[in-house]
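Down below is the structure, laid out as structure tokens.
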Amino acid sequence: MKTENYEYYKQKCLEELFELQDQFNTNYNLDYYSNWYYDHATGLFTFSKDDEEINFTYTLVSTYSRKDNTLQWGWAKHNLPSKVKHGLEELRQFGIDNNIEELNTALISTNEENAWALTAMAAKFSKGIMGYRPVSDHLLLFVVLNEYIEPDKVKRIKEKYIKCNEHKSARVAFVCQHLSKTEKTGFEEAFETWPDMELDEDDDLEAWCSECEEIRLKDGGWNDENMKYSNIKLVCEKCHFEMKDNNLEKG
Ligand SMILES: [Zn+2]
Ligand SMILES: [Zn+2]
């Protein structure tokens, strides 16, 4: 793609984003809400006022440092879960295919105006409905909101997460009372699991120790009594995998 064609395309995306923002403000009246927060674990961006809130899925397009005028792409942030990177990989690929350096370089020197234009392109690639730029820890975050999520669904998503003292927000896991991060008790689970795996809405991470497994097999499944012995508790996904690592480690 020729430079002037690219600049034209980028400008078009920016104009489209302005239209989307107007539409968005008409639909959701963001000024009404006094707080915002996001949670990379649930993938929800929330605007709230007192008890009222509205939620959206989102994409963290980039972070921008005003100190040194650099932008880091969201796709280059490896700790960021894929659920907040909608369309970013496609945009990067578009950059590679068309030899556009700023789209496929993890960290670029640029200005805020261009950061908005890049956000507009990300909005196009992720079918975004709004561009948003909150400030966090001296960094500007360039965010695209992707989809409005109904309150019922928000509730169902949030129920699957737990605030852990050690790990902040993470998916909930169910483990028997005997599993620990220090002692070896064996580790049994309903199905093979790995960190950040996709789970169907009906599936949960569940694990129990060898002793619970022995009793469960003898009883031909879970019942009230052996469940009482297991005394399942809720932990976060990261704690679950720390327990798994501890128990399956050799030696
Ligand atoms: Zn147990
Ligand atoms: Zn935890």
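The values are calculated or read from the model by the stated rules, or taken from the named source; none is laboratory data. The structure presented is a predicted model; accordingly, all values stated were derived computationally and were not measured. Using ideal geometry, Cβ is built from the backbone for each residue, glycine included, and neighbour counts are taken over all protein chains shown.
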Scan of segment 65-93 for residues that are surrounded by fewer than 15 Cβ atoms within 10 Å (Cβ to Cβ), in contact with a His (Cβ under 9 Å, 6 or more places away or on another chain) and in contact (Cβ under 8 Å) with a residue 24 or more places away in the chain, ordered by number:
65, 66, 67, 81
Does residue 153 satisfy the condition of being over 29 Å from the mean Cα position of the chain (by Cα) and either on the phi > 0 side of the Ramachandran plot or surrounded by fewer than 17 Cβ atoms within 10 Å (Cβ to Cβ) (or both)?
no
Restricting attention to segment 78-89, does a residue exist that is out of contact with any helix residue (DSSP H, G or I) (no Cβ under 9 Å at 6 or more places or on another chain) and among the hydrophobic types (A, V, I, L, M, F, W, C)?
no
Scanning for something over 20 Å from residue 230 (Cβ atoms) and free of Cβ contacts under 8 Å to residues at least 40 places away in the same chain, does segment 179-188 turn up at least one residue?
no
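Given the options 213, 242, name the one that is modelled with pLDDT of 95 or more, away from ligand 2 (no atom under 16 Å from the Cβ) and outside the structural domain of residue 114 (by TED's automatic domain parsing).
Working: 242 fails: away from ligand 2 (no atom under 16 Å from the Cβ).
Result of the check over 213, 242: 213.
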Of all residues in segment 131-149, which are surrounded by fewer than 10 Cβ atoms within 10 Å (Cβ to Cβ) and acidic (Asp, Glu)?
137
So the check is Cβ under 8 Å with 6+ separation or different chains; which pairs have a first residue in segment 231-242 that's under 17 Å from residue 159 (Cβ atoms) and a second one that's acidic (Asp, Glu)?
232/206; 236/166
